[in-house]
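All remarks here apply to the structure that follows.
The values are calculated or read from the model by the stated rules, or taken from the named source; none is laboratory data. Note that the structure is predicted; figures quoted are calculated from it, not measured. Here the Cβ positions follow ideal geometry from the backbone for every residue, glycine too, while neighbour counts run over all protein chains shown.
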Amino acid sequence: MRFSIYIILLFFIGQGGLAQTEEPPREALTDTLKMIFDSGPLVGFSVALVDGEGIQYVKGFGNADLAAQKAYDINTIQNIASISKTFIGIALLKAQELGQLDLDDPVNMHLPFEVTHPYYPEFPITLRHLVTHTSGITDPDEYDEKGYILRNTENGEDAVYANFLPPSQMRSLEDFQQRILSKDGEWYRKKTFLKKKPGGRFEYSNIGAGLAALALEKATGTPFNDFTRTYIFEPLEMTHSGWFPSEVDFSKHSRTYTDTGIPLAPYSLVNFPDGGLMTSAEDLGKYLSELIRGYSGNGKILTPESFKELFTPQLQAAQFTSRSDGVYNDEYNMGVFMGFSSHDQIGHTGGDPGVSTFMFFNAKTLTGKLLLVNTDLNQKGVETFKEIWKTLETFEGQF
């Protein structure tokens, strides 16, 4: 999901660090973040600083539930929006290692229905096209209009956005994809596809990400959530992570909030692999540390060859209509659902209703940071998000 994260990215072009204090780094960082929280509009957030050795700092601030006065801590879980896509990339590379698929396979080899580019039917869409957002598939209106489903109908005073549908409208990932991308699908339209052949143009695609996860399910014979648990969560001891409420301790789940502090009605994502992972700062910190180790040739969830493919920029300048030099623009180039900025930052951003997330590591210093926020961002919220991130940047690598 991408909700409104681009407005944040605009603030990270040529940014500088904050002045440091004479306090020990850990106490100084905590005090600075608490001060930022106290003066800002966010309900709750969590942060982590990591390197290849593990988590060096992790902390939560504010509330996971305002009404219950439940603190947001390091084990509080929330959706992380589009950072979830990086788990699709890892999963596909693991399946490739297991001989169950190849990234250069036409996606139709692994689907129960056919997906053909209507303007270039002779050019098959491959898994590699999907993981680099060059398939030509765009997100139609139905992606937003049909993709957010209320978990229940007892919403009370909770805010309900216009595109939140009742629980009766929940459907499977396969059904959702088929209705949009199959020629026989109820919501199929040629304009869902660019007038560029597969591989020709970068166009960020949430629907394409969901299709890649569906293809993995069919190729491996294993549900996507189970595959990621077996090959990612369990090896990394990510014990507070899952795609569905039944897979996590939901008492640790944070509420999400509008930019005025009204709780949002709990919702689920139909196209869940593209943005629906629920995890904590501590668990995501373990994952980010593993990415750094993998980049350095020492990862454990993939072979060195697979990690190399994950972190190899796949695209050329001609495949972009335009691209920003922002420090944390994760769309300057793409690996396997892994974003690269032009400033040696590797990772991903995410945004959904009530959710804003950043996760990056520095390819030169091999240190990383992440930020998870449970509140919609108005102008002041964007400024607060920026200030938190700049603070993390200042203290990165000091522990």
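Considering only the range 199-258, state which residues are surrounded by 22 or more Cβ atoms within 10 Å (Cβ to Cβ), over 28 Å from residue 157 (Cα atoms) and of a type in the set (Val, Ile, Thr). If the condition is that a residue be surrounded by 22 or more Cβ atoms within 10 Å (Cβ to Cβ), over 28 Å from residue 157 (Cα atoms) and of a type in the set (Val, Ile, Thr), then 207, 228 are the ones that fit. The set of residues in the range 234-274 that are small (Gly, Ala, Ser) and touching a Leu at 6+ places or on another chain (Cβ under 6 Å) contains only 265. The condition (being crowded, with 24+ Cβ neighbours inside 10 Å, touching a strand residue (DSSP E or B) at 6+ places or on another chain (Cβ under 8 Å) and over 19 Å from residue 274 (Cβ atoms)) is satisfied by just one residue among 368, 350: 368.
For the range 136-157, state whether one or more residues are among the basic types (Lys, Arg), assigned to a helix (DSSP H, G or I) and either farther than 26 Å from residue 248 by Cα or in contact with a strand residue (DSSP E or B) (Cβ under 7 Å, 6 or more places away or on another chain) (or both). No. Here are 217, 237: which of them is among the charged types (D, E, K, R) and touching a Pro at 6+ places or on another chain (Cβ under 8 Å)? Only one candidate qualifies: 217. Going through (1) without any contact (Cβ under 8 Å) to a residue 60 or more places away in the chain; (2) part of a helix (DSSP H, G or I) one by one, residue 122 falls short only on (2). Does the range 60-82 contain any residue that is modelled with pLDDT of 95 or more, of a type outside the set (Gly, Ala, Ser) and in a helix (DSSP H, G or I)? No, that holds for no residue. Of the set (1) touching an Asp or Glu at 6+ places or on another chain (Cβ under 8 Å); (2) small (Gly, Ala, Ser); (3) not in a loop (DSSP other than H, G, I, E, B), all apply to residue 294 but (1). The set of residues in the range 40-72 being within 25 Å of residue 363 (Cα to Cα) and of a type in the set (Asp, Glu) consists of 51, 53. Among the residues of the range 252-294, those identified as over 17 Å from residue 45 (Cα atoms) and polar (S, T, N, Q) are 268, 271, 289.
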